[in-house]
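J.: Got a structure here, written out as structure tokens. Questions coming.
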Amino acid sequence: MSRTLYYQISSLLIALCLIAVIILLMGASPIEVISNMGSGAFGTPGQAARVVATLAPLLLCASGLMFTFAAGLYNLGIEGQIVFGAIATMIPIRLFQDVLPPPLVILLAILAGGVGGALWGLLGGILNVYGRINEIFAGLGLNFVADGLALYLIFGPWKKEGVASMSGTEQFKEALWLPTIGNTEASPVSLALAIAALIITMVVLRGTYFGLQLRAVGRNLRASYVLGIPSIRQLMSAFVICGILAGIAGALQVLAVFHRLIPSTSSNLGFLALLVAMLVGFNAWMILPVSLFFSALNIGSLQLPLALNLESSLAGVIQGTLVLFALLGRGLSETDVLTRIKNRIFSWLRNAGARGQESGGL
């Protein structure tokens, strides 16, 4: 067994033990919690469809984050990119819904979402590269701006007829809704776009010169610049690509799920995608199973208050604990802390033995 795999499995087992202890302290059985979460996620076709509806934008966002992570960037502004993509999606819908054929309006809306996310990602890149603002702080600030803009539009120019409401803008006509499976929220179009984005991400990052340059920039920005790699262009490209995919995720939230612009369009999917990206590291092939697990965890946790009188926020505790210990295991495997500890113990024992021999000789 390789050292990395050993640390990762060990950290996962410790995380599961800690999660079980937390559940027991809350007065519940870990087996009951797992069982109720499973039934809450896949107990009915409608619940399974909600898992799929959450999975599609989650895959898009996690795929986008792989580009910024490869470039050594922690793009916390992905929430704002989702929201601004959703805002941009509404523009062609409001302009052309009574003029152009519905399929064309839907296509324009998805493209507009991608462009909106790209512009918001580009703004984050400009603040980071040229404004010398850390991408974490720049991203968080832009998240607040995007949320504020969405609220302004919902309660201002785009408000419902009569009184503005937190439920969002007026629903657009049903002909512009993305087709779904039955009467559920699961859209095969959304899932197909998400899987296509994931495949493209895996191919680009592992099989192209652009992906190789991006990883080189992420490993050492100064060295890659000295070697002739256009580092600034690579950083900006990572922000833009992530913004495009996040903006399309926002468009799918509007077209397939809410059918309007609402204050919480992102539904924290950007932050959840950050957890997915941190958990999988540079293994893009793991995005699908991990995203499916997190999506099922999110939907299944809604069953906990009803069945066990537990807070649904327990899902967040489980997700955070798994990610924390996975990162810890990866860090320990890279530094090989245990080997260092063993070497120091052996060194101390040898020195102690040598000192003992010297005192005995005296």
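Every read-out reported here was derived from the displayed coordinates using simple, explicitly stated rules and does not represent laboratory data. What you are looking at is a predicted structure, and each value in this text was computed from that prediction instead of being measured. Using ideal geometry, Cβ is built from the backbone for each residue, glycine included, and neighbour counts are taken over all protein chains shown.
J.: Placing unit charges on C-beta atoms (Lys and Arg positive, Asp and Glu negative, everything else neutral), compute the dipole magnitude of the stretch 165-228 about its Cα centre in debye, rounded to 20. Please list the in-between numbers first.
T.: Values: 5 positive and 3 negative charges, 124 e Å.
It works out to roughly 600 debye.
J.: Right, another one. Farthest toward the dipole's positive end in the chain, which of PHE155, VAL129, LEU212, given Cβ charges of +1 (Lys, Arg) and -1 (Asp, Glu) about the Cα centre?
T.: LEU212
J.: Let me ask something else about it. Peptides 294-302, 242-250: what's the order by average Cβ count within 10 Å, highest mean first? Walk me through the numbers on the way to the answer.
T.: Working: 294-302: 23.0, 242-250: 32.7.
Highest to lowest by the protection proxy: 242-250, 294-302.
J.: How big is the dipole moment of the stretch 55-310 about its Cα centre under a simple scheme where the beta carbon of each Lys and Arg is +1, that of each Asp and Glu is -1, and everything else is neutral? Debye, nearest 20, please.
T.: Working: 11 positive and 8 negative charges, 135 e Å.
Result for the stretch 55-310 is approximately 640 debye, rounded to the nearest 20.
J.: Net charge within 14 Å of LEU153 by Cβ-Cβ distance, Lys/Arg positive one each and Asp/Glu negative one each, not counting LEU153 itself? Intermediate values should be presented prior to the final figure.
T.: Details: positive: ARG94, LYS159, LYS160, ARG260; negative: ASP147, GLU170.
Overall, the nearby charge balance is +2.
J.: Which order do the peptides 106-119, 51-64 come out in when sorted by mean C-beta neighbours inside 10 angstrom, highest first?
T.: 51-64, 106-119
J.: Next up: So what's the chain giving for Cα Rg divided by 2.2 N^0.38 Å, two decimals?
T.: Working: Rg = 24.1 Å, N = 362, 2.2 N^0.38 = 20.6 Å.
Cα-based Rg divided by the globular estimate yields 1.17.
J.: Can I ask one more? Rounded to the nearest 500, what is the 222 nm mean residue ellipticity of the chain from helices alone, with -39500 (n - 2.57) per DSSP H run of 4+ residues and division by all residues?
T.: Roughly -25000 deg cm²/dmol at 222 nm, from the helical runs in the chain.
J.: Also, I was wondering about something else. Based on the mean of other Cβ atoms within 10 Å per residue, sort peptides 276-282, 134-140, 92-98 so the most packed one is first. It would help to have the intermediate numbers written out before the result.
T.: Details: 276-282: 20.3, 134-140: 18.3, 92-98: 16.1.
For the peptides 276-282, 134-140, 92-98, the packing ranking is 276-282, 134-140, 92-98.
J.: Taking neighbour Cβ counts within 10 Å as the exposure measure, how do ARG260, ARG50, ARG132 sort from fewest upward?
T.: With the fewest neighbours first, ARG260, ARG50, ARG132 line up as ARG132, ARG260, ARG50.
J.: On to the next question. For the chain, what does the relative contact order come out to in percent, with C-alpha contacts under 8 Å and a separation of six or more?
T.: Relative contact order for the chain comes out at 33 percent.
J.: Tell me the net charge near THR180. Cut-off is 13 Å between Cβ atoms, THR180 excluded, with +1 for each Lys or Arg and -1 for each Asp or Glu.
T.: For residues surrounding THR180, the net value is -1.
J.: For LEU95, what is the net charge nearby, where nearby means another residue's Cβ is under 15 Å from its Cβ and Lys, Arg count +1, Asp, Glu -1?
T.: 0
J.: Please give the residues of the stretch 294-327, grouped as numeric ranges, whose backbone N is less than 13 Å from a label point set 7 Å along the Cα-to-Cβ vector of THR44.
T.: Correct set: 303.
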